[in-house]
Amino acid sequence: DTEVTQTPKHLVMGMTNKKSLKCEQHMGHRAMYWYKQKAKKPPELMFVYSYEKLSINESVPSRFSPECPNSSLLNLHLHALQPEDSALYLCASSQEPGPYEQYFGPGTRLTVT
Amino acid sequence: QQQVKQSPQSLIVQKGGISIINCAYENTAFDYFPWYQQFPGKGPALLIAIRPDVSEKKEGRFTISFNKSAKQFSLHIMDSQPGDSATYFCAASNQPGNTGKLIFGQGTTLQVKP
């Protein structure tokens, strides 16, 4: 099973709200990723967690705060977002960090009003 | 150097035809090249992947051809079906560091006409 789950599926939030996105995998993968995807564009890497430690932050604004509570779970905390942050937020995981197959979740469609 | 250039941007193929999407890269340190298929509103799904030690890999109707000297790789979809209509992204792994970072091409929107 190569399933990565994400909740919620859709999220609408105001610019002053605080919300969180959740990602879960039960494949025993030790690397997890957050991507942002705008319409008709490829996914853009935001963060990489390797063995539950943040290994890459692609200069993402601090209004996005990732968290990896355990090896199966990845959260993305959102605060004071801007309308331009509206996008599809994708979580992915791979067996190990490195050049291995990455499996994506279905994404959370975020709209910031 | 970190770019992956993908072409064409869009492609229309008749049912039963062959769809061909091409990608080119500059960074010779790339050593993993996956293709993803994405339907509207869904996450990308890993379709097939290749490493530079082989020149071709086939899985069902999907084939990757890899030309290391030319720094190019391509996806061939044989007997294309309307259900193959989707956006396809090529990608390459970013070295050094074994971080798992994928560099994506800009995507190709494929439409297969019945």
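For region A:1-18, the criterion of being within 13 Å of another protein chain (Cβ to nearest Cβ), loosely packed, with under 13 Cβ neighbours inside 10 Å and touching a His at 6+ places or on another chain (Cβ under 8 Å) is met by at least one residue.
When you go through A:24, A:96 one by one, which is the residue that is touching a residue at least 40 places away in the same chain (Cβ under 8 Å) and under 26 Å from residue B:40 (Cα atoms)?
Values: A:96 fails: under 26 Å from residue B:40 (Cα atoms).
Unique residue meeting the criteria: A:24.
Of the residues making up region A:19-26, one or more are away from chain B (no Cβ under 13 Å) and basic (Lys, Arg). Considering every residue within region A:52-61, establish whether at least one is within 14 Å of chain B (Cβ to nearest Cβ), part of a loop (DSSP other than H, G, I, E, B) and among the polar types (S, T, N, Q). Yes, because at least one residue in region A:52-61 is within 14 Å of chain B (Cβ to nearest Cβ), part of a loop (DSSP other than H, G, I, E, B) and among the polar types (S, T, N, Q).
Mind checking which residues of region B:45-62 are under 24 Å from residue A:3 (Cα atoms) and open to solvent by less than 70 Å² (accessible area, probe 1.4 Å)? If the condition is that a residue be under 24 Å from residue A:3 (Cα atoms) and open to solvent by less than 70 Å² (accessible area, probe 1.4 Å), then B:45, B:46, B:47, B:48, B:49, B:50, B:60, B:62 are the ones that fit. Taking the conditions (1) in contact with a Pro (Cβ under 6 Å, 6 or more places away or on another chain); (2) away from chain A (no Cβ under 14 Å) in turn, residue B:12 satisfies each one other than (1). If the condition is being exposed (fewer than 15 other Cβ atoms within 10 Å of the Cβ), under 30 Å from residue A:9 (Cβ atoms) and small (Gly, Ala, Ser), then region B:1-44 contributes B:10, B:41.
The values are calculated or read from the model by the stated rules, or taken from the named source; none is laboratory data. None of these values were measured; they are calculated from a predicted model. Here Cβ is always computed from backbone atoms with ideal geometry, including for glycine, and neighbour counts include all displayed protein chains. Heads up: the accessible areas ignore ligands, DNA and RNA and are worked out on the full protein's heavy atoms, side chains in. Shrake-Rupley method; radii C 1.70, N 1.55, O 1.52, S 1.80 Å.
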